[in-house]
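Bear in mind these aren't lab numbers, they're just calculated from the coordinates by the rules spelled out. Predicted, not measured: the structure shown is a model, and the values here were computed from it. Here the Cβ positions follow ideal geometry from the backbone for every residue, glycine too, while neighbour counts run over all protein chains shown.
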Amino acid sequence: MDVPLPFVMEPATRAATSPRTNESRLVAAAVAGQVSHPIVYASPYRVGRDGVLRLLPGSGGIVLNRRVGDPAVGLAADHMEAGVSLHNNGREVVGPRDGPNRALMFYACVGNRARVTSGPAEGAQGTVVGKHGGINHVIVDFPPHVKRRMRIGDRVQLEGYGQGLELPDFPGVRVQNLSPRLLRRWGVRTVRGRLLIPVTHTVPAELMGSGMGRSEGVLGDLDIQLSDEGLVRRFRLGSLRLGDLVAVCPLDYRYGPSRRPGTITVGVVVHSDSKVAGHGPGMTPLLIAPAACVRLVCQPQANLALVLGLRRLMGAPARGARAYRF
């Protein structure tokens, strides 16, 4: 690893300013999807990397008792999307048949606002918290009382706003899937020509698994394998939470994920762990930057639940950790 991960973390500094953006040039577009039904494939069993067969709930639907801020590791689930999973089931007569869902996946940015447009919870507001490739879902967080009123098939409309976002003072930094709203509240700052980016964890690139081989970085996520117990302990990955903002080093996700010395990708944890070989908690990329222009700020509070004010208290902390109030 060309980036010295244990030493790149540093305390936050006050002598910093918010980075300039091109937000005034962005275009907002409404996109929509339906609350998806969970899917079970030909066999309900999931074969773990340890050879054990497991029967576990997976992706899709409305997860009623978990949300961002809760642990991503150790749940009795596999690739659980902690929120409301959206998929646009429309079919186009021009372009690819799944074009409407691909547009939903592309336009949606983490931090975008969402609104229920049908069903008993019509009018309720939520927030986009991730994108899950493969199954091709956009994940939206709603308060628990709203989720209990929602139904499979309800329509949800998003304000797709953020693709095309740039940082003019940092032309080497690529912004993807990141809403201006999240960027403002995240606490990203500039000081002496560098970006200070708050994260909860750093992740060595050799742990990245499912999602490698994609040729883009805007339609999904990349899994963090937790099969190496030594690295999991060293980088505290057993304490990952849904919504954590994490840095993967060295990883370049501009044109699809690839290991590239001197490059850091910062993203958000969007789904739970998996025991299947090559899989684990998923990360949707947000910022890709040369390591030379970045300093990672160690902040356990760098989680969407707190950054966006979605919760006042995060879920039960991992052993030895603290709960953080907003």
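Brief remarks follow.
- DSSP beta bridges in the range 192-326 [antiparallel fraction, %, rounded to 5]: 60
- Among ALA29, ALA108, ALA77, the largest mean-square fluctuation in a Gaussian network model of the chain, built with springs joining Cα atoms closer than 10 Å, belongs to ALA29.
- Inter-label distance, nm, simple model (7 Å from Cα along the C-beta direction), SER227/TYR255: 2.8
- Amide H contacts under 5 Å for ARG49, placed H, 5+ residues apart: VAL276, ALA277
- Paramagnetic reach from ARG113 (point 7 Å along Cα→Cβ, amide N under 17 Å) across the range 121-156: 122-129, 140-143, 156
- Compared with the rule-of-thumb size 2.2 N^0.38 Å for a compact globular protein, the range 27-160 has a Cα radius of gyration ratio of 1.08.
- When exposed loop sites are taken as GluC sites (Glu not before Pro) in a DSSP loop with at most 14 other Cβ atoms within 10 Å, the longest stretch of the chain clear of them is 217-326.
- Summed residue charge, Cβ within 11 Å of TYR255's Cβ, Lys/Arg positive, Asp/Glu negative: +2
- Convex hull volume of the chain per residue (C-alpha atoms, cubic angstrom): 135
- The range 27-160 - share of DSSP beta bridges that are antiparallel (%, nearest 5): 100
- Calculated [222 nm] ellipticity per residue, helices only, for the chain: -2500 deg cm²/dmol; basis is -39500 (n - 2.57) per DSSP H run with n ≥ 4, divided by all residues, nearest 500.
- Here each label is just a point 7 Å from Cα along the line to Cβ, and for ARG312 and VAL94 those points are 5.1 nm apart.
- Gain upon complete extension [GLN301, SER215; 0.36 nm per residue less C-alpha separation]: 27.8 nm
- Equivalent ellipsoid semi-axes, the range 195-299, via Cα gyration tensor eigenvalues times 5, rooted, Å: 19, 16, 12
- Sites VAL27 and VAL191, calculated FRET efficiency, Cβ-Cβ separation with R0 45 Å, nearest 0.05: 0.90
- Label point distance in nm, ALA42-ASP169, each placed 7 Å from Cα along Cα→Cβ: 5.6
- Counting only DSSP beta bridges whose two residues both lie in the chain, roughly 75 percent are antiparallel.
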